[in-house]
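Scroll down for the structure; my scribbles are underneath it.
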Amino acid sequence: MSTLQYLADGFYIAMQWHNLLYAFIGVLIGTAVGVLPGIGPMSGVALLMPVTASLTSGMNAEQAAASALILLAGVYYGAMYGGSTTSILLNTPGESSSVVTTLDGYQMAKQGRAGAALSIAAIGSFVAGVFALVALVFLAQPLSDLALHFGPAEYFSLMLLGLCAVSGLGGKSMTKALIMTVFGLLLATIGIDNVSGVARFTYDIPYLYQGLEFLTIAVGLFALGEVFKTILENDISSKQLIKVGRILPSAMDLKQSAAPIARGSILGFFVGLLPGAGATLASFFSYILEKKWSKNPERFGKGAIEGVAGPESSNNAASGGAMIPLLTLGIPGSGTTAILMGALLMYNVQPGPLLFTDHPQVAWGLIASMFIGNLMLLALNMPLVKVFAKIIETPPHFLIPSIIAISVFGVYAVQITTFDLVLLVFCGLLGYFLSSNDFPLAPLVLGLVLGPMIENNMRRALTTSNGDFTIFLTKPLSLIFLGCAALWLIIPLILKVRGKEVVINEEA
Amino acid sequence: MNKAFDRYSSVCFALVGALFVIESRNISTSAYGSEVGPNLFPMGLGIILIILSLRLFWESTRARTESSTATEGKTLQYKRFLVIFAATLLYVYLLEPVGYVITTFLFLFVTFKVMGSKSYIKTTFVAFAFSAGVYYVYVHLLQGTLPGFPVWLGF
């Protein structure tokens with residue numbers, strides 16, 4: 001079993017003391033990020049990217065990439081854990097994937113069962129996280145073997161599929177989501193062209209030759225954008241925290257939530273696999289499923305533990321599932337995974353089918369560290385849930401300016417130019433105005449990350465076909481991908497015309 | 001949903017698209033022997049962006065007049081925002097000439113106050129701890145690069 005051998009190697013890397021430390025810091029910060037309203041998983045990961053870059057600067061490239069990814073992935077799934085805490089205790093979700101948790105979680109807290117709800121959420125997340133990882137281990141190799149047979153035409157179509165999927169579910173208006181995607185792709189063309197070496201849209205400004213730095217734009221759009229929003233709209237919650245009380249769930253609670261956790265894990269994993277559909281959708285689907293499955297659905301909304309266990313498991317499983325297309329195909333399916341991909345590219349590690357052969361340290365180290373990270377999260381969350389609840393009480397007048405300062409520090413530390421700092425501030429402004437008018441930001445980031453690869457693959461394919469565009473339609477796999485891409489865009493449109501409510505994924 | 005914003009932004013995006021289309025015609029053709037040059041991709045995208053902007057414009061004029069529920073009942077704190085935004089811009093521009101510790105301390109002190117921090121002692125303490133702490137850890141422990149103290153201070 002070569003997979004198990006690789007996994008063992010991965011554990012060897014993940015168990016190195018500095019990587020254990022990185023995983024710990026990652027999940028700790030991630031939980032804090034999830035708990036704090038105002039910074040979601042996307043801005044959390046974006047904000048920490050430059051910090052990890054400077055932390056790992058002394059190591060060799062391979063190790064640095066592994067350690068940085070271990071930390072950043074820890075933030076990602078840690079935030080998924082932490083988001084439930086505020087939903088349950090404050091009735092304000094820390095991020096969009098735990099919106100559903102408020103429905104029953106807050107009711108449970110009001111009945112004095114906050115501890116049980118929190119610990120079930122933690123247990124559910126743990127089970128789901130481990131389930132997603134086991135599936136990841138066994139799917140990674142076959143999927144990347146399959147992807148090795150892809151030519152440039154197939155890759156182009158597959159990436160187009162990813163972009164269409166994210167745009168189709170991207171926000172309230174598909175037109176706006178598509179505009180953001182195309183805008184992101186256009187921004188990616190600035191700089192020296194990879195294929196021919198010709199400068200494009202640089203206007204002899206030396207900073208532009210490398211292209212716009214992904215990191216600057218991501219931190220600006222997400223972290224600063226959200227900060228500006230909080231400053232302007234003053235949505236600082238000053239609600240009363242509910243006391244946590246007894247933490248351990250009763251045997252009855254465990255028995256009731258075992259099946260929802262199992263269902264939520266499986267459902268969430270498969271939803272996470274799909275590009276575009278992320279943790280938010282997974283938690284919605286799981287809640288609906290649990291309500292349909294239940295013998296007495298009228299209990300839902302009044303503090304049913306199934307309504308916490310199912311969605312919380314499925315959003316964690318989805319964040320694990322979302323790692324699969326990222327690692328094996330090199331195609332991120334959501335905003336957060338796009339940022340993780342940006343981090344990988346920063347270390348010159350190209351995610352995709354070759355990742356497992358070229359950089360086994362990074363790929364398997366990351367997978368193994370996710371096992372350990374999930375274990376740490378469970379160990380952290382059960383006893384320390386009261387401490388994390390205290391983080392919510394961080395005075396916002398200290399928190400908000402500090403986020404700006406961290407963003408500035410992070411970008412400067414990596415780029416060392418004033419140009420990038422100015423770009424950062426204006427991206428923050430842009431991020432605020434766009435997102436407050438229902439322009440989703442995730443497609444823009446996705447376009448920015450995928451832009452160069454889409455273009456290269458398109459041009460390679462067209463070069464082999466002497467400029468004949470039908471190459472994308474004559475290759476069977478490519479045709480299937482393009483067909484799916486078209487369906488992702490057309491089906492929501494048809495549903496909308498028929499007046500049906502389309503579930504959308506606001507932020508992943 | 002803010003219709004006016006949608007309309008203006010659709011015009012802006014259409015202009016951006018047009019800019020990319022026009023400018024991509026000026027990209028020099030390379031010696032690389034291919035029928036697809038470096039201008040094809042941005043030009044195609046620019047055209048798509050213009051089409052999408054037209055659609056957004058059309059959508060925004062067609063949409064029924066819904067009262068914007070999102071902004072209602074919320075008073076936007078423009079003054080506070082503008083002060084912090086100006087402070088951020090100043091911070092960014094002065095970071096290199098004046099150095100990290102001084103600018104960060106001043107920036108944090110001002111913005112903490114604007115955001116409603118009451119006690120002077122606490123504000124000073126947190127701002128100082130943040131700026132000096134980050135500088136010490138990053139520059140001395142991690143050997144990173146941050147603009148130090150300005151030369152004219154004499155140390």
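The values are calculated or read from the model by the stated rules, or taken from the named source; none is laboratory data. Remember, predicted model here, so these are calculated numbers, not experimental data. Backbone-built Cβ (ideal geometry, glycine too); neighbour counts: all protein chains shown.
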- Message: Can you tell me which condition residue A:414 does not meet? The list is (1) out of contact with any Leu (no Cβ under 7 Å at 6 or more places or on another chain); (2) part of a helix (DSSP H, G or I); (3) within 14 Å of chain B (Cβ to nearest Cβ), and all the others hold.
- Response: (1)
- For residue A:196, state whether it is within 10 Å of chain B (Cβ to nearest Cβ) and of a type in the set (S, T, N, Q). yes
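Quick check on the range B:114-130. Is at least one of its residues more than 15 Å from residue A:398 (Cα to Cα), more than 7 Å from chain A (Cβ to nearest Cβ) and in a helix (DSSP H, G or I)?
No; the residues of the range B:114-130 include none that is more than 15 Å from residue A:398 (Cα to Cα), more than 7 Å from chain A (Cβ to nearest Cβ) and in a helix (DSSP H, G or I).
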- Which one is modelled with the highest pLDDT among residues in the range A:285-300 that are aromatic (Phe, Trp, Tyr) and assigned to a helix (DSSP H, G or I)? A:287
- Query: Would it be correct to say that residue A:181 is free of Cβ contacts under 8 Å to residues at least 60 places away in the same chain and either within 14 Å of chain B (Cβ to nearest Cβ) or surrounded by fewer than 24 Cβ atoms within 10 Å (Cβ to Cβ) (or both)?
  - Reply: no
- With respect to residue A:429, determine if the residue is within 10 Å of chain B (Cβ to nearest Cβ) and either closer than 22 Å to residue A:23 by Cα or within 23 Å of the chain's Cα centre (by Cα) (or both). yes
- Query: Within the range A:82-179, which helices (runs of 4 or more DSSP H) (wholly inside it) include 3 or more residues that are under 25 Å from residue A:378 (Cβ atoms)?
  - Reply: A:99-110, A:114-147
- Query: Taking into account only those residues within the range A:323-358 that are in a loop (DSSP other than H, G, I, E, B) and among the β-branched types (Val, Ile, Thr), which is surrounded by the most Cβ atoms within 10 Å (Cβ to Cβ)?
  - Reply: A:331
- Counting only residues that are closer than 26 Å to residue A:58 by Cα and touching a residue at least 24 places away in the same chain (Cβ under 8 Å), how many does the range B:114-138 have? 5
- Does residue A:115 satisfy being buried (at least 23 other Cβ atoms within 10 Å of the Cβ) and not aromatic (Phe, Trp, Tyr)? no
- Of the residues in the range A:410-426 that are without any contact (Cβ under 8 Å) to a residue 24 or more places away in the chain and within 18 Å of residue A:57 (Cα to Cα), the one that is nearest to the chain's Cα centre (by Cα) is A:412
- Among A:320, A:303, which is the only one that is part of a loop (DSSP other than H, G, I, E, B) and touching a helix residue (DSSP H, G or I) at 6+ places or on another chain (Cβ under 6 Å)? A:303
- Message: Criterion first (modelled with pLDDT of 80 or more, surrounded by fewer than 20 Cβ atoms within 10 Å (Cβ to Cβ) and not aromatic (Phe, Trp, Tyr)) does residue A:362 satisfy it?
- Response: no
- Query: Got a sec? Which of B:52, B:15, B:19 is surrounded by fewer than 16 Cβ atoms within 10 Å (Cβ to Cβ), at the interface with another protein chain (Cβ under 10 Å from one of its Cβ atoms), modelled with pLDDT of 90 or more and in a helix (DSSP H, G or I)?
  - Reply: B:19
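Each row is one residue, and each column tells you yes or no for (1) modelled with pLDDT of 80 or more; (2) under 16 Å from the mean Cα position of the chain (by Cα); (3) of a type in the set (Val, Ile, Thr).
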{"site": "A:13", "(1), (2), (3)": "yes, no, yes"}
{"site": "A:17", "(1), (2), (3)": "yes, no, no"}
{"site": "A:71", "(1), (2), (3)": "yes, yes, no"}
{"site": "A:79", "(1), (2), (3)": "yes, yes, no"}
{"site": "A:100", "(1), (2), (3)": "yes, no, yes"}
- Within the range A:274-305, the count of residues that are over 17 Å from residue A:108 (Cβ atoms) and in contact with a Phe, Trp or Tyr (Cβ under 8 Å, 6 or more places away or on another chain) comes to 1
- Message: With assigned to a helix (DSSP H, G or I), more than 30 Å from residue A:185 (Cα to Cα) and at pLDDT below 85 as the only criterion, which of A:215, A:267, A:241, A:254 stands out?
- Response: A:254
- Task: Return the total of residues in the range A:360-408 being within 14 Å of chain B (Cβ to nearest Cβ), in contact (Cβ under 8 Å) with a residue 40 or more places away in the chain and not aliphatic (A, V, I, L, M).
- Result: 3
- Query: Just a yes or no: is a residue in the range A:59-74 of a type outside the set (Ser, Thr, Tyr), farther than 24 Å from residue A:223 by Cβ and surrounded by 22 or more Cβ atoms within 10 Å (Cβ to Cβ)?
  - Reply: yes
- Message: Restricting to the range B:92-113, give me the number of residues that are more than 7 Å from chain A (Cβ to nearest Cβ), charged (D, E, K, R) and either touching a residue at least 12 places away in the same chain (Cβ under 8 Å) or closer than 18 Å to residue A:406 by Cβ (or both).
- Response: 0
- Task: Can you work out which of the residues in the range B:131-155 that are within 11 Å of chain A (Cβ to nearest Cβ) and of a type in the set (A, V, I, L, M) is surrounded by the fewest Cβ atoms within 10 Å (Cβ to Cβ)?
- Result: B:141
- Message: I need a count of the residues in the range A:390-411 that are assigned to a loop (DSSP other than H, G, I, E, B) and charged (D, E, K, R).
- Response: 1
- Message: Take residue A:132 and tell me if it is surrounded by 22 or more Cβ atoms within 10 Å (Cβ to Cβ), farther than 28 Å from residue A:250 by Cα and out of contact with any Lys or Arg (no Cβ under 7 Å at 6 or more places or on another chain).
- Response: no
